[in-house]
């Protein structure tokens, strides 16, 4: 079985912090290109797919 993980000079990655999308999607939809989206996103679908 393959081994997965992160090798780094400071040690092994033990935890990952994840930010769940929320109201910032409304801001991104006001100017999608400035927020690195090609077009406005369907916020409800984006959150449910997340």
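General remarks:
- Given [x] 13.7; [y] 13.1; [z] 11.5, the label whose value is Kirkwood radius over Cα pairs in Å derived from this model: [x]
- Where labels lie 7 Å past Cα in the beta-carbon direction, separation of residue 37 and residue 16 in nm: 2.3
- When the helices of the chain are scored as -39500 (n - 2.57) per DSSP H run of n ≥ 4 and the total is divided over every residue, the value at 222 nm lands at -7000 deg cm²/dmol.
- Based on C-alpha pairs under 8 angstrom that are at least 6 apart in sequence, the chain has a relative contact order of 26 percent.
Each value in this text was obtained by applying a stated rule to the coordinates, not by laboratory testing. In this text the structure is predicted, and so the values were computed from the model without any measurement. Glycine also receives a Cβ, built like all others from the backbone with ideal geometry; neighbour counts cover every protein chain displayed.
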